[in-house]
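**Student:** Below you will find the structure I want to go over with you.
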Amino acid sequence: MSFSPVRLNHAVLFVADLERAERFYTGVFGMEVAAREPRAGATFLRLPRSGNHHDLGLFGVGSSAPPKARGGIGLYHLAWQLDTVEELAEARQALLAAGAHTGESDHGATKSVYGADPDGNEFEVMWMLPREAWGADADAASVQRLDLDAELARWSGVGTAGRIVTSPAEEARA
């Protein structure tokens, strides 16, 4: 017997310094604080275009907690989807400016830049090609060098993330 979720609703990270992590995700990702729970040492963040209650939870555990070893058992990275390839270029610039950029890849059906937060939690920021353009990449897991300029020239203005919620007021009108 199995079940079939629709999508991942949110992720939760343990962080050494809650305020530092909150500053990173609000400053670099533009997330908004949805709620704080001081008794649990937690902050819950929402992406500005999300219709979700929260997309990321942060629980402060203090700097004495052991860091996760790269390649150890556990979460490798989170992947955040963008609507357009232009947004991917903006994300790359924001990560570079924050000193958080760790790499980039062309995965065929998706184009990705990678980064890490101040605690070393890795993440991917990605843009997905329109489904009809996946071709052979529909059943492949390729890793190639990303040529972001070429992708911008080819896919400029193409949104693929589906319906984006821009504000509660706009959501109510929809």
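**Student:** Just wondering, is there one or more residues in segment 96-106 that are more than 21 Å from ARG23 (Cβ to Cβ), within 20 Å of the chain's Cα centre (by Cα) and free of Cβ contacts under 8 Å to residues at least 12 places away in the same chain? Write out each step before concluding.
**Tutor:** The initial filter retains those residues of segment 96-106 that are more than 21 Å from ARG23 (Cβ to Cβ), namely 103-106.
Those left that are additionally within 20 Å of the chain's Cα centre (by Cα): 103-106.
Subsequent filtering for residues that are free of Cβ contacts under 8 Å to residues at least 12 places away in the same chain retains 103.
Among the residues of segment 96-106, at least one is more than 21 Å from ARG23 (Cβ to Cβ), within 20 Å of the chain's Cα centre (by Cα) and free of Cβ contacts under 8 Å to residues at least 12 places away in the same chain, which makes the answer yes.
**Student:** Moving to a separate point now. Name the strands (runs of 3 or more DSSP E) wholly within segment 97-168 that hold at least 3 residues that are within 21 Å of MET31 (Cα to Cα)?
**Tutor:** Details: elements: 101-106, 110-116, 122-128.
Strands (runs of 3 or more DSSP E) meeting the threshold: 110-116, 122-128.
**Student:** Moving on. Examine segment 70-85 for a residue that is over 13 Å from the mean Cα position of the chain (by Cα) and crowded, with 19+ Cβ neighbours inside 10 Å, and state whether such a residue exists.
**Tutor:** Yes, some residue in segment 70-85 is over 13 Å from the mean Cα position of the chain (by Cα) and crowded, with 19+ Cβ neighbours inside 10 Å.
**Student:** Restricting attention to segment 35-69, which residues are touching a residue at least 24 places away in the same chain (Cβ under 8 Å) and of a type in the set (D, E, K, R)?
**Tutor:** Within segment 35-69, ARG49, ASP55, LYS68 meet the criteria.
**Student:** Going by what's in this entry, would LEU8 be described as outside any helix (DSSP H, G or I), in contact with a Leu (Cβ under 7 Å, 6 or more places away or on another chain) and aliphatic (A, V, I, L, M)?
**Tutor:** Judged against the criteria, LEU8 is not a match.
**Student:** Okay, next question. Can you find a residue in segment 110-126 that is over 14 Å from the mean Cα position of the chain (by Cα) and free of Cβ contacts under 8 Å to residues at least 40 places away in the same chain? Give the steps one after another, and end with the answer.
**Tutor:** Of all residues in segment 110-126, those over 14 Å from the mean Cα position of the chain (by Cα) come to 118-120.
Narrowing the set further to residues that are free of Cβ contacts under 8 Å to residues at least 40 places away in the same chain leaves none.
No, there is no match, as no residue in segment 110-126 is over 14 Å from the mean Cα position of the chain (by Cα) and free of Cβ contacts under 8 Å to residues at least 40 places away in the same chain.
**Student:** Would you point out the residue of segment 29-86, among those that are in a strand (DSSP E or B) and among the β-branched types (Val, Ile, Thr), that is nearest to LEU13 (Cα to Cα)?
**Tutor:** Taking segment 29-86 and keeping what is in a strand (DSSP E or B), we get 32-37, 42-46, 56-60, 77-82.
With among the β-branched types (Val, Ile, Thr) added as a condition, the list becomes 33, 43.
Working: VAL33: 15, THR43: 10 Å.
Ranking the candidates gives THR43 first.
**Student:** Turning to a different aspect of this structure: Among the numbered criteria (1) on the phi < 0 side of the Ramachandran plot; (2) touching a helix residue (DSSP H, G or I) at 6+ places or on another chain (Cβ under 9 Å); (3) surrounded by fewer than 18 Cβ atoms within 10 Å (Cβ to Cβ), which single criterion is violated by GLY30?
**Tutor:** (1)
Readers should treat all values here as calculations from the given coordinates under stated rules, not as data from a laboratory. These numbers were taken from a predicted model, which means no experiment stands behind them. Methodologically, a virtual Cβ is constructed for each residue, glycine included, from the backbone with ideal geometry; neighbour enumeration extends over all protein chains shown.
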